[in-house]
Amino acid sequence: MEFEKILLDENDVPRSYYNILPDIAGGLAPPLDPRTMEPVGPSALEAIFPKEIICQEMSQERFVAIPEEVRNALLSMGRPSPLFRAKRLEKHLKTPARIYFKHEGLNPCGSHKPNTAIAQAYYNKKEGVEKLATETGAGQWGASLAYASALFGLKCEVFMVSSSFASKPYRKIMMETYGATVHSSPSECTTFGRKIRAENPKHTGSLGIAISEAIETVVGDKEGKSKYALGSVLNHVMLHQTVIGQEVSKQLEMAEEKPDYVIGCIGGGSNFAGISFPLIYEKKKGKNDAKFIAVEPTACPSTTKGDYRYDHGDTAGMTPLLKMYTLGKDFVPPELHAGGLRYHGMAPTVSALVSSREVVPVSYGQEKVFDAAMLFSRTEGIIPAPESSHAIAAAIDTALMCKEKNEEKVIVFNLSGHGLLDLQGYAEHMAKI
């Protein structure tokens, strides 16, 4: 059945999150205490996370109910999101493949990040938390947590990676408009930030450093009214994002299609997990035979060149050890416009699927990614975020492969956000061509 876009009813917004942990072969390697190298129990996480988030992090239940207050907030910010057919891109490429994209950039924050920000703000508010502290790369996550904090009456403090703080000022303003306090990381607000700045006053920052600063802020709260909120990497974040893939499953069914390729960009892994995990579950049940492709920048190639081992999630070494693909906690990636992908590690769940070869990782350079973004803008009329453009580049390459083989395959990718606050990157790219 031919569609330009596939819309769902409000009743189609999922009522449960999908938890992939029970379906990971051999189970997920547990987080370890770096001092004892023993598995970390729930109590060790209570200093930074609310209890319900910890329960979700470790749950072996395949489906976790979405509270009605959270579901209503998802509805009010724009769920369900549409699935579009990229017919003009297909025509330009002269490919027999059918390309679909899930547009997560139509909500107030312009990205997929509110799906988990709303849930985390809700659970923290329910447990009496008054302030959330977090990190952000390009600013999508920081803006989303600031938005969700405003919805639930929480204070919000954001440590924004220095290179993005300088190059993406409007995301900073967006966070402040929602009421958040925003610092350039490494900052002068924490002991660790001051240490890094003393060593290198011009440090461009990293997500690992910003995470350390946010956690230090929470641990140093003597009143215990602050908690840490994470925008990617851990399982509870992946779980919250699965509303994306569950909607995609219904939309493809409406179009009488089955996915052959499912593509998403990866930094920490959340938007890729959001679209892919529910479809991986369906593959395990024999409902599709899709190939899952995770796309990262060559400047920060954690899954394509990193090691699969235990490492800290932050630079200061304050977090438990996680088994994941990593470039090392001290790795500082070069500046790039896809600031949301500048993380040294990868979500343990995504890492496990890469290790078992259920997910195929690839990497792309920034120029190729912007070329793909420009083509997508000029065919589909949407200016994508630099992060999402990695998925577009892989979708284009896959469509061209289908052209060479004359195969009518179905390609689905997650357009995880718009690029209207990333125009400086486009300006610099166009100046080179």
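Each stretch of four or more DSSP H residues adds -39500 (n - 2.57); spread over every residue of the chain, this sum gives -12500 deg cm²/dmol at 222 nm. Which option, [x] 0.91; [y] 1.56; [z] 1.04, is the value of Cα Rg over 2.2 N^0.38 Å that was calculated from these coordinates? Recomputing Cα Rg over 2.2 N^0.38 Å here picks out [x]. Charged side chains reduced to their Cβ positions (Lys and Arg at +1, Asp and Glu at -1) give the chain a dipole of some 420 debye around its Cα centre.
A crude spin-label estimate for the pair M430 and K250, with each label 7 Å from Cα along the Cβ direction, gives 3.9 nm. Between D307 and Q60, the contour length at 0.36 nm per residue exceeds the Cα-Cα span by 86.3 nm.
I need the fraction of alpha carbon pairs in the stretch 1-50 separated by more than 16 Å, rounded to a whole percent.
Numbers: 856 of 1225 pairs.
The calculated P(r) of the stretch 1-50 puts 70 percent of pairs beyond 16 Å.
Counting only other residues whose beta carbon sits under 12 Å from that of G365, what net charge do I get with K and R as +1, D and E as -1?
Values: positive: K368; negative: E296, E367, D371.
That works out to -2.
Do the alpha carbons of any pairs in K131/K202; K168/K202; K258/K283; K155/K225; K250/K284; K125/K155 sit beyond 19 Å of each other, and which pairs? Where the Cα-Cα span goes over 19 Å, the pairs concerned are K131/K202. In degrees, nearest 10, range 0 to 90: what is the angle between the Cα axis of helix 366-380 and the longest Cα principal axis of the chain? Approximately 50 degrees, to the nearest ten. When the Cα positions of G306, V237, A399 are compared along the charge dipole of the chain, A399 comes out farthest toward the positive end, with charges on each C-beta of Lys, Arg, Asp and Glu. Convex hull volume per residue, computed on the Cα atoms of the stretch 275-433, equals 135 Å³. Rg and Dmax of the stretch 179-235, both derived from C-alpha coordinates alone, stand at 12.0, 35 Å. Rounded to the nearest 10 degrees, the inclination of helix 114-126 to the longest alpha-carbon principal axis of the chain is 30 degrees. What the Cβ-Cβ distance of R194 and L75 gives, at R0 = 45 Å and to the nearest 0.05, is a FRET efficiency of 0.55.
Neighbours of L421 by Cβ distance under 14 Å: Lys/Arg scored +1, Asp/Glu scored -1, total +1. Compared with the dominant Cα axis of the chain, that is its longest principal axis, helix 270-284 is turned about 60°.
Determine the sum of side-chain charges near E69: Lys and Arg each +1, Asp and Glu each -1, restricted to other residues whose C-beta is under 12 angstrom from that of E69. Before the final figure, lay out each step's value.
Numbers: positive: R71, K125, K126; negative: E68.
Summing Lys and Arg as +1 and Asp and Glu as -1 gives +2.
Computed over all pairs of different Cα atoms, the Kirkwood value for the hydrodynamic radius of the stretch 175-334 is 18.0 Å.
Find, among the GluC sites (Glu not before Pro) in the stretch 163-202, those assigned to loop by DSSP (not H, G, I, E, B) with at most 13 other beta-carbon atoms within 10 angstrom. Walk me through the intermediate numbers first.
Working: sites: E176, E188, E199; in loops: E188.
Within the stretch 163-202, the qualifying GluC sites (Glu not before Pro) (loop, at most 13 other Cβ atoms within 10 Å) are E188.
Take the cross-link list K5/K409; K102/K126; K329/K432 and give me the ones stretching past 28 Å between alpha-carbons.
Values: K5/K409 18 Å; K102/K126 31 Å; K329/K432 33 Å.
Violating the 28 Å Cα-Cα cut-off are K102/K126; K329/K432.
Extension gain for R35 to L400 (0.36 nm times residue separation, less C-alpha to C-alpha distance): 126.4 nm. Computed extension gain for D330 through I173, at 0.36 nm per residue and net of the alpha carbon distance, reaches 53.6 nm. Sequence-ordered 3J(HN,Hα) estimates for the stretch 64-80 from the Karplus curve with 6.51, -1.76 and 1.60 and θ = phi - 60° stand at 10, 4, 8, x, 4, 5, 5, 4, 5, 5, 5, 5, 5, 9, x, 6, x Hz, glycine and proline given as x. Over every Cα atom in the stretch 359-433, the radius of gyration and the widest Cα-Cα span, Dmax, amount to 12.8, 38 Å. Look at where the Cα atoms of the stretch 54-120 and of the stretch 156-177 average out, and the two centres are 23 Å apart. With Cα atoms defining each centre, the stretch 207-238 and the stretch 31-49 are spaced 14 Å apart in the structure.
We did not get these values from a lab; they are worked out from the coordinates using the rules stated. These numbers come from a predicted model, not from an experiment. Note that each Cβ is placed from the backbone with ideal geometry, even for glycine, and that neighbours are counted across all protein chains shown.
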